[in-house]
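The values are calculated or read from the model by the stated rules, or taken from the named source; none is laboratory data. Every value quoted in this text rests on a predicted model; they were computed, and no experiment measured them. Counting neighbours? That spans all protein chains shown, and the Cβs are built from the backbone with ideal geometry, glycine included. SASA here: full protein model, heavy atoms, side chains in, ligands and nucleic acids out. Shrake-Rupley method; radii C 1.70, N 1.55, O 1.52, S 1.80 Å.
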Amino acid sequence: MIDLPSLSRYEQKTECPGYCVIINNRQFQGNDEDYREGSEQDVERLRTLFELLRFEVIIKRDLKRDQIKGVAQEYGGKNHDKFVAFVLIVMSHGDEKDIIFGVDNDSISVRQLMKEFQAERCPSLKGKPKILIIQTCRGSRQCDIERFDNFVESINADPTELDLADNCVGPFSLDSSLSKSVFPPEADFLLAFATVPGYVSLRSRKCGAFFIQVH
């Protein structure tokens, strides 16, 4: 067996891998129709997962644009020397040009969030994995809803295939849009989006986002 050089692997020997910050925007100002019903199910799934992975989980809800930026600045400004990774999860509405909305309907870009964790601003995360999970749409195109219903029904019929709750078929809601992929020049970033560029992301009002449920 070939031993991979140490530079090709991340350090994992630690009691707590690091912070996992979860931001869930549910209620948006001025429009009750934008309420992200079902998203609290996602919060609990993520909390359970990352606590099992021994992360220190921090949950923030219903943040305005400047508050989202403030959270990124707060954790980008912390000393991560004793940790080996950092996770930021943002669940909200968005739009094109890689933006995410705060509940005040003002926006911040994924790139702006990433900058707070670059080595220049956060040297204690240099060389460590920085994982951003973005639960939003990435455009206005929709998949074939009829075929998607059939897919959800089939996986709900076999709970051993995917851990989805029963009867999670519709009604669906959209998490607005992010239209372009982000290709950061910074090393050690991993970005996970809920859908491919140009398409909406679906969320069950009863069970939460399918992206979160199956990962």
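Observations
- Rolling a 1.4 Å probe across the protein heavy atoms gives region 69-143 an accessible surface of 41 Å² per residue.
- The accessible-area ordering, largest first, of the residues 48, 136 stands as 48, 136, per a 1.4 angstrom probe.
- In order along region 92-101, the phi-based Karplus estimate (6.51 cos²θ - 1.76 cosθ + 1.60, θ = phi - 60°) of 3J(HN,Hα) comes to 6, 8, x, 7, 5, 6, 6, 10, 10, 8 Hz; Gly and Pro are listed as x.
- For region 1-136, carbon and sulfur atoms together expose 47% of the accessible surface, with a 1.4 angstrom probe and every protein chain in place.
- In this structure, the amide hydrogen of residue 89, modeled 1.01 Å from its nitrogen in the peptide plane, lies closer than 5 angstrom to those of 21, 22, 23, 133, counting only residues at least 5 positions away or on a different chain.
- Cα-based Rg and Dmax for region 1-125, where Dmax is the largest Cα-Cα distance (Å): 16.5, 60
- Extending 7 Å from Cα along the Cβ direction at residue 40 and again at residue 105 yields two label points whose distance is 2.5 nm.
- Remark on residue 203: its backbone amide H falls under 5 Å from those of 173, a criterion applied only to residues 5 or more positions apart or on other chains, H modelled at 1.01 Å from N.
- Since only 76, 58, 125 are under comparison, the one whose Cα sits farthest along the positive direction of the charge dipole of region 57-140, derived from C-beta charges on Lys, Arg, Asp and Glu, is 125.
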